[in-house]
Structure formats: structure tokens, C-alpha cells
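Input: a single structure, listed below in C-alpha cells.
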Amino acid sequence: MALLLPFLLIVVVAASILTHPRRSRRPVGLPLGSLGWPVVGETLEFLSAAYSSRPESFMDLRRALYGKVFKSHLFGSPTIVSTDAEVSRFVLQSDARAFVPSYPKSLLELLGKSSILRLNGALHRRVHGLVGAFFKSPLLKSQITADMQSHVERAMATWPEGRPVLIQDQAKHLVFPVLVKGLIGLEPGEKVGFLKKQFREFIAGLMSFPLKLPYTRLYKSLQAKRSMVRFVREIIDEKRRNPSPRPSDVVDVLVNDTSGQITDDVISDNIIDLMIPAEDSVPVLLTLAVKYLTDNPPALHQVEEENMALKERKAEVGLCLEWKDYMSLSFTQDVITETLRLGNIIGGIMRKAARDVEVKGHLIPEGWCVFTYFRSVHLDDSVYDDSLRFNPWRWKGKETNAYSFTPFGGGQRLCPGLDLARLEASIFLHHLVTTFTWVADDDDEVVNFPTVRMKKGLPVRLMRKTNACCLTPIANVQA
Ligand code: HEM
């Protein structure tokens, strides 16, 4: 899902030429701001900030001039930008009578018309409810835990010492097969390899120019999607012939639904969409957590200590770790929360107003886009003290706030995979810190656009721990 917003830039010029409804009159209540240049609006300024290390600088400048909610013209549409937690929450909480998701044409084509990202109303609620409930189920969490543990252990046993290992690549390598098994029940092997290859072709098109001629990027991605759909259809057919009374993957859950709303198109489109976080957002979360810990030895030390203690406790009684054990690691969870806040894997989301909407004295006119920019809230010093600093201790004993902490969105479209993302990150960090110490191999930096990632893939040099009881010595441990 993180790939969707950046993609908008690819179609900006074409879309803006076709759909530039500039208004001569300023309707009452429209927020302050500028629609920028004819046709391109303020998109170039936005992009120039987005490619820098401080993407929020575009917003900061306008916030200072116009306030936390302002009008602009981005990616071919007149847009209300919200950097205000309350306004953004209102937008997220509203249903399709007020706001609908807004994506470019070619992206919609790649996702398919039954994609959860395009659905609204009853069918959206049904798919979201079914998938969300399954992702929350202890059964799936146990399965993901067992699979992720065995994958991580096997992979880490082969990681070389003293030679650079790219954490970002390794994270992708680990997460994809585990989530794919939870989606379609496929064990790692040749078929998953085939699927991964097709999926990479598909995902590359999410950022392509919307031209569907042979040999174009979009065309190749659509071909790859077709072959994935055929593949998933065979699995659906098999499961329809032999339904499983106890669902163990998402296809089972959707096939077993008796509402009559869930067609094969709905299942196949959504299964493919659900693979997107497995290749993108979750591996990035794992990678950023390692990056921030590498740069913050006191935090790394505390994570090691907490995870070593859990490992030893379990070893003493001869038990394996279960998902609840990982989720009970309070400091590790705070590290993940802080990584989500600072990393802003999804900086914000776009909606389109289905009618005139008024919120906090601002008018969002029908047909305009609204861009809820979470990053500005997550990095606001008045909300988070010293907001650019990685400080997991800020979360100690605190609940996250549904207004000012929205890495997973909110409302009816709240990410159904949020628990799984946290669980996978916890398992990965547990095994990493209890198996290795490491140093950064090279200076690397976070790139924020078109998607968040490490520029060089976060190369590190690992040292295997010989004595699991020995923690990294550290002089200055933060209380
Ligand atoms: C770090 C990891 C992740 C982040 C930061 C993230 C973030 C988000 C955000 C911000 C949204 C809201 C989009 C909107 O309102 O338009 C979303 C939606 C969604 N996410 Fe995630 N996500 C993550 C992992 C996952 C995982 C692991 C899955 C499942 C395998 C998943 C499945 C979905 C789905 C299906 C939606 C669409 C929900 C709907 O429209 O009803 N995500 N995610």
C-alpha cells in the first residue's frame, strides 16, 4: 500500500492536463493556500521536498504561512492538505458518502476492480471484516510465529560473519514466503519462487507510466498479474472442491464465506493486493528498526537485554516462544512503535470528496482530493518532544494516541495487517539481537521517495554471539 501514493507523481502531468478544474472564485471556508502554477500546481515543489531528506519541509513552509490545513494543487488535482491530527482523523473516520479512495487510472487497472483498495460500502466492509478478523486470530498468529521462527533461524544460520549482509534484502526474503503461506497456504518452494518472480514484475508497474502497449512496464505488469490470477484461481478451485472447516489461510476464509458476495474475482484481486505489504512495508519496518537501533546503542542494549531474558526464561522451562511472548516484550514493542512514528513508511493517504464536506471550519469541496499527511503530525515537536530523535522510551507505559499516531491509517480502512506487521518485526528483532552483534558496514541513509527504504539496503557486518548470556557491553545505558 505504501507504493500507491508515490505513484501519483508518474501521472501528474497527463492527469493534470486532462482534469484541471481551476476555480475562479474562492468558495467560503476554503482553507488558505496556493493552487500554484497552471497545470502542475505545486507538484514540483512537493516533489523537490519529497526527494530531499526532509519531505515534510513542503508542508512546514505552508503550515507557517496558512495553518495546519491548507489548499494546494498536487498530482493533477486541487487538494486540501491536512497536517492537523483532528482533521485527518475526521477524514479517516468518514465513510464513502463523504470520501472515497483516489488512485490513478493505471494503478486502478493493476489492482483490479474488486481490490479492497477500490471497494466501498457493504462489500468493502465484508472483505475488510473477514480478512481483519482472520489476521487477528490466535490461530494465524501461531502459524505465522512458527513459520517466521523457522525461516529466520534457517536464514540466519547461513548469514556470513565479517562480510556485508544487506538487511533490507534479507528482510524481504524472510517476510514474503511467511505471509504468502498465510494468504494462500503455499509452503516455500518452487511455486513460491514463481509467484515471487511474477509479483516483482507486477509491483514494478505500480510506479510506471500509464501506457498499456506491448513491452511497456504497465503491460508487463498486467501480464504478470494475469499469470498470478491464474495461479491463485487454481488454488481457489481446489479449495472450493475441498473446503476446509478450519480455515488456515485467507483463501479458506474467503471461500468459506456464505454471504454470496465473495466471488473468485474478489478473492484473487485481494490475495494479490495483500502480497504488497509482504514485499514492501513490512520488510521496510524491519530494516528501519535495525537502522535506528544501530544508531542508538542504548536502545539496542535494552532490546538485547529484554530478548535475552525472555530466551533464557523459556529455555529454562524447555518451551518454545509463542506469539504472545513476542508481543509481551514491552521495550521491543516500543522500539517498533517509535520506528513506525519516525520512519513514516506510509507518509499519508489520499481521498477524494464525494460531496462538499466541512470540517473544523474548513470546506473540502466535492471532487477535490484531501491529502492526510501523517508524517507532519508524527514529526511535530508540539506533539512529540524532540520529534526527530529516535526515542523508544517516550512510549514507556503509554498507549498510542489514535489522533497523533496513525502509521496504519484509521477508521474503516485501518490496516488489517497491523498486528502481523508488529509480530513479524518482533520475531525478526528477537532472533537478530540474540544471535548476532553487528556494526554498520557503510554509511547509509533513509530515502523517503518514491517509497521509504534504505539507499544502500543497510549493509551490516555481523558477529555471531558465542555466549548467548553475554550482552554487548555498554557504558551509557539510558534509564
Ligand atoms: C509496516 C507495515 C504496514 C504499514 C505501515 C501499513 C499501513 C497501512 C495504511 C496506512 C493503510 C490505510 C490505507 C488507507 O486508508 O487508504 C493500510 C491499509 C491496508 N493494509 Fe496495511 N500496512 C502494513 C502492513 C500490512 C500487512 C502485513 C497487511 C496484510 C498482509 C496489510 C494489509 C492492508 C490492507 C488489506 C489494507 C486496506 C484496508 C482497507 O482499505 O480496508 N498491511 N495499511
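I need every pair where a residue in the stretch 446-464 that is at positive phi has its Cβ under 6 Å from the Cβ of a residue that is among the basic types (Lys, Arg) and open to solvent by less than 40 Å² (accessible area, probe 1.4 Å), sequence separation at least 6 or different chains.
Leu458/Lys291
Of all residues in the stretch 317-371, which are surrounded by fewer than 16 Cβ atoms within 10 Å (Cβ to Cβ) and not assigned by TED's automatic domain parsing to the domain that holds Ala146? Steps first, please.
First, the residues of the stretch 317-371 that are surrounded by fewer than 16 Cβ atoms within 10 Å (Cβ to Cβ): 317-320, 324, 328, 330, 355-356, 358, 360-361, 366-367.
Within the stretch 317-371, Arg355, Asp356, Glu358, Lys360, Gly361, Glu366, Gly367 meet the criteria.
Would a scan of the stretch 464-478 turn up a residue that is at pLDDT 95 or above and either open to solvent by 30 Å² or more (accessible area, probe 1.4 Å) or not assigned by TED's automatic domain parsing to the domain that holds Arg97 (or both)?
yes
Just one of the numbered conditions (1) at negative phi; (2) within 13 Å of the ligand (Cβ to nearest atom); (3) in contact (Cβ under 8 Å) with a residue 40 or more places away in the chain is not true of Leu429; which one?
Condition not satisfied by Leu429: (2).
Ser248 passes all but one of (1) touching a Ser or Thr at 6+ places or on another chain (Cβ under 9 Å); (2) among the small types (Gly, Ala, Ser); (3) closer than 23 Å to Ala133 by Cα; which number fails?
(1)
Check off (1) farther than 19 Å from Trp368 by Cβ; (2) open to solvent by less than 20 Å² (accessible area, probe 1.4 Å); (3) assigned to a helix (DSSP H, G or I) for Ser115 and give me the number that stays unchecked.
(3)
Report, by residue number, each residue of the stretch 270-292 that is more than 9 Å from the ligand (Cβ to nearest atom) and either part of a loop (DSSP other than H, G, I, E, B) or open to solvent by 20 Å² or more (accessible area, probe 1.4 Å) (or both).
Listed by number, the residues that qualify are Lys291, Tyr292.
Do the conditions hold for Leu186, that is, is it over 30 Å from Ala98 (Cα atoms), away from the ligand (no atom under 11 Å from the Cβ), touching an Asp or Glu at 6+ places or on another chain (Cβ under 9 Å) and open to solvent by 20 Å² or more (accessible area, probe 1.4 Å)? Working first, answer last.
Numbers: over 30 Å from Ala98 (Cα atoms): yes; away from the ligand (no atom under 11 Å from the Cβ): yes; touching an Asp or Glu at 6+ places or on another chain (Cβ under 9 Å): yes; open to solvent by 20 Å² or more (accessible area, probe 1.4 Å): yes.
So Leu186 fits the description; yes.
Select from the stretch 128-142 the residues that are crowded, with 20+ Cβ neighbours inside 10 Å and under 14 Å from Ala96 (Cβ atoms) and list them in ascending order.
Within the stretch 128-142, none qualify.
Would you mention how many residues in the stretch 336-351 are within 12 Å of the ligand (Cβ to nearest atom) and farther than 14 Å from Gln93 by Cα? So that I can check it myself, show each step before the final result.
Initial filter on the stretch 336-351 (within 12 Å of the ligand (Cβ to nearest atom)): 336-337, 339-341, 343-351.
Add one more test, that the residue is farther than 14 Å from Gln93 by Cα, and what stays is 336-337, 339-341, 343-348.
Matching residues across the stretch 336-351 total 11.
Inspect all residues belonging to the stretch 405-426 and state whether any of them is within 16 Å of the ligand (Cβ to nearest atom), of a type in the set (S, T, N, Q) and assigned to a loop (DSSP other than H, G, I, E, B). Quick ask: steps written out before the conclusion?
Taking the stretch 405-426 as the starting set, the residues that turn out to be within 16 Å of the ligand (Cβ to nearest atom) are 405-426.
Narrowing further to those that are of a type in the set (S, T, N, Q): 406, 412, 426.
Remaining after also requiring assigned to a loop (DSSP other than H, G, I, E, B): 406.
Yes, the stretch 405-426 contains a residue that is within 16 Å of the ligand (Cβ to nearest atom), of a type in the set (S, T, N, Q) and assigned to a loop (DSSP other than H, G, I, E, B).
Mind counting the residues in the stretch 388-402 that are farther than 18 Å from Leu342 by Cβ and within 15 Å of the ligand (Cβ to nearest atom)?
Number satisfying all stated conditions: 1.
Only one residue in Val250, Val303, Val266 is at pLDDT 95 or above, open to solvent by less than 10 Å² (accessible area, probe 1.4 Å) and either in contact with a Gly (Cβ under 8 Å, 6 or more places away or on another chain) or assigned by TED's automatic domain parsing to the domain that holds Glu109 (or both), so which one is that?
Values: Val303 fails: either in contact with a Gly (Cβ under 8 Å, 6 or more places away or on another chain) or assigned by TED's automatic domain parsing to the domain that holds Glu109 (or both); Val266 fails: either in contact with a Gly (Cβ under 8 Å, 6 or more places away or on another chain) or assigned by TED's automatic domain parsing to the domain that holds Glu109 (or both).
From the options Val250, Val303, Val266, the qualifying one is Val250.
Criterion first (more than 20 Å from Leu117 (Cα to Cα), more than 17 Å from the chain's Cα centre (by Cα) and part of a strand (DSSP E or B)) does Glu358 satisfy it? So that I can check it myself, show each step before the final result.
On the way: more than 20 Å from Leu117 (Cα to Cα): yes; more than 17 Å from the chain's Cα centre (by Cα): yes; part of a strand (DSSP E or B): yes.
Yes, satisfied.
Just one of the numbered conditions (1) within 30 Å of Met156 (Cβ to Cβ); (2) at pLDDT below 95; (3) among the acidic types (Asp, Glu) is not true of Glu399; which one?
Among (1) within 30 Å of Met156 (Cβ to Cβ); (2) at pLDDT below 95; (3) among the acidic types (Asp, Glu), the lone unmet condition for Glu399 is (1).
If you scan the stretch 366-404, which residues turn out to be in a loop (DSSP other than H, G, I, E, B) and among the hydroxyl-bearing types (Ser, Thr, Tyr)? Full working, then the answer.
Taking the stretch 366-404 first, the residues in a loop (DSSP other than H, G, I, E, B) are 366-368, 379-391, 396-404.
Ser382, Tyr384, Ser387, Thr400, Tyr403, Ser404 - these are the residues of the stretch 366-404 that are in a loop (DSSP other than H, G, I, E, B) and among the hydroxyl-bearing types (Ser, Thr, Tyr).
The values are calculated or read from the model by the stated rules, or taken from the named source; none is laboratory data. Note that the coordinates shown come from a computational prediction; the quantities given were computed from them, not determined experimentally. All Cβ positions, glycine included, derive from the backbone under ideal geometry; neighbour counts span all protein chains shown. Ligands, DNA and RNA are stripped out before the accessible areas are found, and what is left, the full protein with its side chains, is counted by its heavy atoms. Shrake-Rupley method; radii C 1.70, N 1.55, O 1.52, S 1.80 Å.
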